[in-house]
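Notes to accompany the following structure.
The values are calculated or read from the model by the stated rules, or taken from the named source; none is laboratory data. Small disclaimer: the values here were computed from a predicted structure and weren't measured. Surface areas here come from the heavy atoms of the whole protein model, side chains and all, with no ligands, DNA or RNA. Shrake-Rupley method; radii C 1.70, N 1.55, O 1.52, S 1.80 Å.
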Amino acid sequence: GSARATQKGWLTATEVATGATVALGVAALIGARLIVRGGWPMVWVVVTSEFNAVAYTGGPYPLGYIHPKLGEFSLGYLGLGDLFVLLYFGFVAVCGTYYLQLLSCPVHVVWAAVPVGFLATAIIVVNNLRDRKTDVKAQKLTMAVRFGATFARVEYTLLVALSYVSLIAGALLGRGPAESAWWLLPWLSAPVAASRIRGIWELDGAPLNPFLGKTAKLQLMFGFLFVVSILNAPSPGS
């Protein structure tokens, strides 16, 4: 995988821990302002986000991995990385942002979070697919390690494909802006998505490195078109 600062000796473990502590402290200060605006829902978002930032790979029971021994079964080892990315980079990010503006979260906003979360999760799937062999040695039992390369590739394919299918489903269900054909604008990026899926099935190991950035760029492209579609679509009930 990509170079890690501590692993390469560029920074000491203490320096990394200090930097992380400072970053988390600044995030908490910003979060306090969000709590003033959003109330108790934002208390939950801020506190759990801070916790997840530490517990995803840190502590005795990291959330991102699956524990190999059933006798030591713990939620911390359920390999929840994919799920947590979906929840926090999708639903919390989209719904939380909307809620802070209008202090409400209608159904069509929740629906809009689906493709955003799917594409964000696809990025971590690439990472786990690429690193699965070294993760085994490090006892990092991610979903790709536990269920194999084919599972990870199918997961990636479904996440990307369903991001686009969800737009059609939203249009058919009449979820807010989906009442307009503008809702389907992100489909213009579908050829790019197809090329990303094809690459995931053809490559393995280090050659997958570019696909982390390529998948992130796909999400950026999709997101930009989605924003344009929402800005131009009629408001719900109009």
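Structure above, values below:
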{"read-out": "Relative contact order, percent, segment 107-238 [alpha-carbon distance under 8 Å, six or more residues apart]", "value": "33 percent"}
{"read-out": "Accessible surface of Arg33 - all protein chains present, 1.4 Å probe, nearest 10 Å²", "value": "150 Å²"}
{"read-out": "Calculated diffusion of segment 92-214, Stokes-Einstein form, Kirkwood radius summed over Cα pairs, 4 °C and 1.567 mPa s, µm²/s", "value": "82 µm²/s"}
{"read-out": "Residue-level accessible surface for Arg132, protein heavy atoms, 1.4 Å, Å²", "value": "40 Å²"}
{"read-out": "Ranking by accessible area, most exposed first, for Ile168, Ile200, Ile123 with a 1.4 Å probe", "value": "Ile168, Ile123, Ile200"}
{"read-out": "Heavy atoms of Tyr56: accessible area, 1.4 Å probe, square angstrom to 10", "value": "70 Å²"}
